[in-house]
Amino acid sequence: MNIWRFTDGKPGHDSQSIGLCDAIGRLTVVSRFDIETNSIFDCISHFLLNKFPAGKTLPDPDLIIGAGHGTHFSMLVARNARGGKVIVLMKPSLPLALFDYCIIPKHDKIPEKNNIITTSGSLNPIQFNKNKLPDRGLILLGGLSRHYQWDNESVDKQIVKIIEDSPGIKWAIADSPRTPGTTLTNIRNKTNTNLEILNYSETSTTEIREYIFKASTIWISQDSVSMIYESLSSGASVGLIELRNKNGVKAENTINSLINENMLTSFSKWDKCRTLPLGTSGFNEANRCAQTLLDRGVF
């Protein structure tokens, strides 16, 4: 089966579409072709001419998959010219009826329809690891965002306390392009532990996912929702480095539901009991969505 995967170049969106493609590949034999999105002007031109130049050397697609608003027009134009079923990830900016299937997080509160599959958060390519390394810990930091107020002093205090309370764990800490430049230096200066620093400019996404796959304990700043789901999928015990909410009601609802389901623990709760929930093999939304598509006869 041929899959055309459309990409807008954003790592979070690629993580979702690759996750679904990989999951489908575990159920049937696939050939995946990655295609960059076109501009709106090119999309309109190609639609009117009923052609799709980016795929002219590729076999016709059975499935067309993409995440991110920038992929929507390109996917529809590709289907118009070459056929296949379009599967969009996340709530699209265009009418839902235009897509064969929409895979949307349940916190978007979309009404039930035949072409909608709801998920607990975003899809990702991380698989469950039953052989986690018990002495490996990982801290993943986001940074400045629309939904949360980043407070270096508060973040530093939480991380130092986490590290000092876990003397038997070898910690690695990773920042992101959104992390304030002084954050890692401040944390390293405030703890005597020999931290492994994973600077985003020197560490690939693939390498970070290897750390996620191996670490038994992972702490993530509250703004990094996609990293939370990747860590849960890996089977790690997951803790939440707390940030002050600004206006991210949707993101806040997602976090609260995970806490209420005892899938992760906030720092303030951990600070009282000093325990994190055990990881589970049952959280893999990409596999579940792929199986649902198979059950519905999509492939």
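The values are calculated or read from the model by the stated rules, or taken from the named source; none is laboratory data. Not measured: the values here are computed from a predicted model. Reconstructed Cβ throughout: ideal geometry from the backbone, glycine too, with neighbour counts over all protein chains shown. When the accessible area is computed, the model is the full protein with side chains, heavy atoms only, and any ligands, DNA or RNA have been set aside. Shrake-Rupley method; radii C 1.70, N 1.55, O 1.52, S 1.80 Å.
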For this session: Specify the residue with the greatest mean-square fluctuation among 228, 139, 40, computed from a Gaussian network of the chain linking alpha-carbon atoms under 10 Å apart.
Result: 40
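Rounded, prolate or oblate: pick one for segment 228-299, where a ≥ b ≥ c are the square roots of the eigenvalues of its C-alpha gyration tensor, a/c under 1.5 means rounded, and failing that, prolate if a/b is larger than b/c, else oblate.
Details: a/c = 3.50, a/b = 1.73, b/c = 2.02.
It is oblate, given that a/c is not under 1.5 and a/b is not larger than b/c.
Give me the 1.4 Å probe accessible area per residue for segment 56-112, excluding ligands and nucleic acids, in Å².
Numbers: 2490 Å² over 57 residues.
Accessible surface, normalised per residue, equals 44 Å².
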For this session: Please work out the Cα center distance from segment 97-129 to segment 25-92, rounded to the nearest Å.
Result: 19
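Around residue 79, what is the net charge, scoring Lys/Arg as +1 and Asp/Glu as -1 over all other residues with Cβ under 9 Å from its Cβ?
Working: positive: 82, 85; negative: 100.
In short, +1.
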Exercise. ³J(HN,Hα) across segment 198-214 via Karplus (A = 6.51, B = -1.76, C = 1.60, θ = phi - 60°), whole Hz, x for Gly/Pro?
Worked result: 10, 6, 4, 6, 10, 10, 7, 4, 4, 5, 4, 5, 5, 5, 4, 4, 8
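Contact order normalised by length for the chain, with contacts defined as Cα pairs under 8 Å and 6 or more residues apart; what percent is it? Before the final figure, lay out the partial values.
On the way: 568 pairs, mean separation 53.3, N = 299.
Relative contact order here is 18 percent.
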Problem set entry | FRET efficiency for residue 259 and residue 294, using Cβ-Cβ distance with R0 set to 35 Å, rounded to 0.05 | 0.65
For this session: On the protein heavy atoms, probe 1.4 angstrom, tell me the percent of accessible surface of segment 59-195 carried by carbon and sulfur.
Result: 49
Exercise. Of all accessible surface on segment 224-299 at a 1.4 Å probe, what whole percent is carbon and sulfur?
Worked result: 47
Problem set entry | When the convex hull of its Cα atoms is projected in every direction, mean area for the chain (nm²) | 16.1
Exercise. From the backbone phi of segment 67-79, what are the Karplus-calculated ³J(HN,Hα) couplings (6.51 cos²θ - 1.76 cosθ + 1.60, θ = phi - 60°) in whole Hz, Gly and Pro given as x?
Worked result: 10, x, 4, x, 8, 4, 4, 4, 5, 5, 5, 4, 5
Exercise. In whole Hz, what ³J(HN,Hα) sequence does segment 258-268 give by Karplus (6.51, -1.76, 1.60; θ = phi - 60°), x for Gly and Pro?
Worked result: 5, 5, 5, 8, 6, 9, 8, 10, 6, 4, 4
Problem set entry | Accessible area expressed per residue, segment 1-49, with surrounding protein chains retained (probe 1.4 Å, Å²) | 51
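To the nearest 500 deg cm²/dmol, what mean residue ellipticity at 222 nm is calculated for the chain from DSSP H runs of n ≥ 4 alone, each contributing -39,500 (n - 2.57), summed and divided by the residues? Write down the numbers at each step before the final one.
Details: 10 runs with 107 residues, N = 299.
Helix contribution divided over all residues of the chain: -10500 deg cm²/dmol.
For the full complex of protein chains and a 1.4 angstrom probe, list 188, 82, 274 by accessible area with the highest value first. Intermediate results must be reported in sequence, preceding the final value.
Values: 188 120, 82 60, 274 90 Å².
I get 188, 274, 82, largest accessible area first.
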Exercise. Based on DSSP, what percent of beta bridges with both residues in the chain are antiparallel, to the nearest 5?
Worked result: 5
Seminar exercise, completed: In degrees rounded to 10, the 0-90 angle between helix 285-295 Cα long axis and the longest Cα principal axis of the chain is 30
Problem set entry | 1.4 Å probe accessible area per residue over segment 162-267, in Å² | 46
Seminar exercise, completed: Amide H proximity to residue 119 below 5 Å, modelled H, separation 5+ or other chain, gives 104, 106
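Where a ≥ b ≥ c are the square roots of the eigenvalues of the C-alpha gyration tensor, would you call segment 146-284 rounded, which needs a/c under 1.5, or, failing that, prolate if a/b is larger than b/c, or oblate? Before the final figure, lay out the partial values.
Numbers: a/c = 1.27, a/b = 1.15, b/c = 1.10.
Because its axes are fairly even, with a/c under 1.5, segment 146-284 counts as rounded.
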